[in-house]
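Input: a single structure, listed below in structure tokens.
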Amino acid sequence: MERTNINKLFATKKSAIIASYAGLFLISVGVSLLVFKYLFPGGAANLFYEISKKTKINVNLPKTEACPVNGAMYTVAEREVWEERRPIAAIIENHTEARPESGLSKADVIYEAVAEGGITRFISIFYCGASAETVEAAPIRSARVYFINLAAGYGSDPIFLHQGGANNICSTCPGGVKPASQSAPKVNTVTLLQKLGWGGGTDGNNFDGGYNIGYPIVVRNQYRLGGSTPAAWEHSVVADLTEVWKEASSRGYNFKDGNGIPWTEEFREWQFQDGSVNTSPTASNIKFDFWESMPGYDVEWRYDSSTNTYKRFNGGTAHVDVEFDNVQLSASNVAIMFVEEEGPIDTEKHMYYEVIGEGDAIVFQNGNVIKGTWEKDSALDREVFYDTNGNEIKMVRGATWVELVPSTNEIAY
């Protein structure tokens with residue numbers, strides 16, 4: 001889709017009828033319940049499913065191929081895998097009861113922001129890092145408009161993976177729509193997805209576990225973290241990313257679309273640099289909170305000179321990936337995007353963060369700190385970071401975390 005046509009698209013594209021979304025959702029719920037009842041007669045609390053095991057390719061060969069998303073180096077075999085695909089932008093929750101998550105260590109770029117009530121959530125970009133093996137990503141949760149706006153910067157029609165989202169659909173309300181005071185139009189994800197042209201049926205790039213995808217793409221596993229006590233139902237959605245890409249391929253969303261245009265046609269790559277180990281770091285310990293009243297979501301990044309990365313701690317505890325041997329999450333770059341915070345803006349306590357425009361930024365890499373700004377001209381543009389002289393900050397090759405921190409908050413380092 002050409003960027004210059006987006007305004008025309010907004011004005012002329014027929015909006016999907018809200019009732020069709022509600023109807024599809026209700027039909028999906030009914031069918032799902034019947035299937036669950038048949039397959040799992042013991043009830044939903046006993047539902048347990050494990051995604052079939054990983055298949056690996058040899059990653060010990062020379063790493064000569066640069067990932068377009070984060071600059072990390074991979075083997076030719078891995079590049080051949082990702083060049084048949086396009087990125088997945090997956091919404092993964094970070095509720096304290098849902099930790100540790102699955103699959104985050106394989107994401108190329110991760111954005112973190114408050115969903116509501118000071119509880120943070122991630123939009124995780126999976127592409128190159130998930131090429132070598134099957135990746136289980138969990139728990140998948142609902143979308144927010146600012147996450148959609150960030151995902152839209154990843155080229156033509158990325159695969160948007162989520163479980164519902166903030167919206168105003170209400171089968172018992174007059175006209176099938178919630179009052180604006182209950183769910184503000186500003187945070188309506190359904191409306192934004194329609195404006196972007198991200199189809200929500202069975203042939204679009206909008207993969208919603210709530211109504212248009214199911215087994216084996218997403219499943220429920222209340223015992224993902226082990227033990228005998230099932231997790232809450234809302235913390236149980238697990239996605240098999242290999243199956244996501246298979247389904248995307250069947251819908252025509254490969255590296256190239258049906259017209260032969262690669263997803264990278266409209267994608268803005270960052271500038272990259274090789275890392276440089278710092279034995280005398282000036283920013284070795286980064287600390288900040290999102291909401292002062294929610295210490296369980298406080299973040300700390302500690303510089304590890306042996307790997308030239310920052311190790312992540314969340315709520316005072318090492319943040320790990322349970323799917324991959326509890327490896328601690330790390331980043332070559334930690335970028336702070338200071339954003340304007342608005343909300344709660346309705347009775348459902350939705351928040352709004354402005355990620356289109358510009359603002360102050362701090363980038364931590366190589367044990368050092370770079371102050372500057374961020375810019376994102378539109379939803380379809382990727383955010384870019386600049387130093388105080390106006391030069392683009394080159395990202396160190398490797399995993400990058402972008403933290404959307406309220407503009408009035410402070411970062412200690």
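The values are calculated or read from the model by the stated rules, or taken from the named source; none is laboratory data. What you are looking at is a predicted structure, and each value in this text was computed from that prediction instead of being measured. All Cβ positions, glycine included, derive from the backbone under ideal geometry; neighbour counts span all protein chains shown.
Out of all the residues in the range 186-201, is one or more of a type in the set (Val, Ile, Thr) and under 26 Å from VAL299 (Cβ atoms)?
The answer is yes; a qualifying residue exists.
Name the pairs: first residue in the range 308-335 and on the phi > 0 side of the Ramachandran plot, second residue of a type in the set (A, V, I, L, M, F, W, C) and not in a strand (DSSP E or B), Cβ to Cβ under 8 Å, at least 6 apart or on different chains?
Filtered contacts from the range 308-335: ASN308/VAL277.
Sort through THR264, THR307 and tell me the only one that's of a type in the set (Ser, Thr, Tyr), touching a Ser or Thr at 6+ places or on another chain (Cβ under 9 Å) and part of a loop (DSSP other than H, G, I, E, B).
THR307
In the range 373-408, which residues are of a type in the set (S, T, N, Q) and within 21 Å of the chain's Cα centre (by Cα)? Break it down stepwise before answering.
Filtering the range 373-408 for residues of a type in the set (S, T, N, Q) gives 373, 378, 388-389, 391, 400, 407-408.
Once the filter is applied, which keeps residues that are of a type in the set (S, T, N, Q) and within 21 Å of the chain's Cα centre (by Cα), the range 373-408 yields SER378, THR400.
How many of the residues in the range 102-119 are among the β-branched types (Val, Ile, Thr) and surrounded by 23 or more Cβ atoms within 10 Å (Cβ to Cβ)?
Within the range 102-119, residues that are among the β-branched types (Val, Ile, Thr) and surrounded by 23 or more Cβ atoms within 10 Å (Cβ to Cβ) number 2.
How many residues does the range 141-171 hold that are part of a strand (DSSP E or B) and either within 14 Å of ASN206 (Cα to Cα) or in contact with a Cys (Cβ under 7 Å, 6 or more places away or on another chain) (or both)?
Taking the range 141-171 first, the residues part of a strand (DSSP E or B) are 143, 159-162, 165, 169.
The next check asks that each one be either within 14 Å of ASN206 (Cα to Cα) or in contact with a Cys (Cβ under 7 Å, 6 or more places away or on another chain) (or both); those that pass are 143, 159-162, 165.
So the count comes out to 6.
Take the residues in the range 211-261 that are part of a helix (DSSP H, G or I) and not hydrophobic (A, V, I, L, M, F, W, C); name whichever of them is nearest to GLU93 (Cα to Cα).
Restricting attention to the range 211-261, the residues satisfying the condition of being part of a helix (DSSP H, G or I) are 233-235, 241-250.
From what's left, not hydrophobic (A, V, I, L, M, F, W, C): 234-235, 242-243, 246-247, 249-250.
On the way: GLU234: 10, HIS235: 8, THR242: 20, GLU243: 20, LYS246: 24, GLU247: 23, SER249: 26, SER250: 27 Å.
The selected residue is HIS235.
Are any of the residues in the range 246-256 within 21 Å of PHE126 (Cβ to Cβ), of a type in the set (A, V, I, L, M) and in contact (Cβ under 8 Å) with a residue 40 or more places away in the chain?
So in the range 246-256, the residues within 21 Å of PHE126 (Cβ to Cβ) come out as 246-256.
Among the residues that remain, those that are also of a type in the set (A, V, I, L, M) are: 248.
Narrowing the set further to residues that are in contact (Cβ under 8 Å) with a residue 40 or more places away in the chain leaves 248.
So far as the range 246-256 goes, yes, one or more of its residues are within 21 Å of PHE126 (Cβ to Cβ), of a type in the set (A, V, I, L, M) and in contact (Cβ under 8 Å) with a residue 40 or more places away in the chain.
Please go through the range 339-372 and give me each residue that is crowded, with 16+ Cβ neighbours inside 10 Å, among the β-branched types (Val, Ile, Thr) and either over 22 Å from the mean Cα position of the chain (by Cα) or not assigned by TED's automatic domain parsing to the domain that holds TRP401 (or both), ordered by number.
Answer for the range 339-372, where residues must be crowded, with 16+ Cβ neighbours inside 10 Å, among the β-branched types (Val, Ile, Thr) and either over 22 Å from the mean Cα position of the chain (by Cα) or not assigned by TED's automatic domain parsing to the domain that holds TRP401 (or both): ILE345, VAL369, ILE370.
Pairs only if they're at least six apart or on different chains, beta carbon under 9 angstrom, first in the range 353-374 and closer than 21 Å to ALA152 by Cβ, second modelled with pLDDT under 95 and assigned to a strand (DSSP E or B); list them, first residue then second.
No pair meets every condition.
What single numbered condition from (1) assigned by TED's automatic domain parsing to the domain that holds THR307; (2) more than 24 Å from ALA66 (Cβ to Cβ) fails to hold for SER250?
The failed condition is (1).
Mind telling me which of the residues GLY200, GLY165, GLY209, GLY175 ends up being surrounded by fewer than 20 Cβ atoms within 10 Å (Cβ to Cβ) and not hydrophobic (A, V, I, L, M, F, W, C)? It would help to see each step written out before you state the result.
Values: GLY200 fails: surrounded by fewer than 20 Cβ atoms within 10 Å (Cβ to Cβ); GLY165 fails: surrounded by fewer than 20 Cβ atoms within 10 Å (Cβ to Cβ); GLY209 fails: surrounded by fewer than 20 Cβ atoms within 10 Å (Cβ to Cβ).
Exactly one of GLY200, GLY165, GLY209, GLY175 is surrounded by fewer than 20 Cβ atoms within 10 Å (Cβ to Cβ) and not hydrophobic (A, V, I, L, M, F, W, C), namely GLY175.
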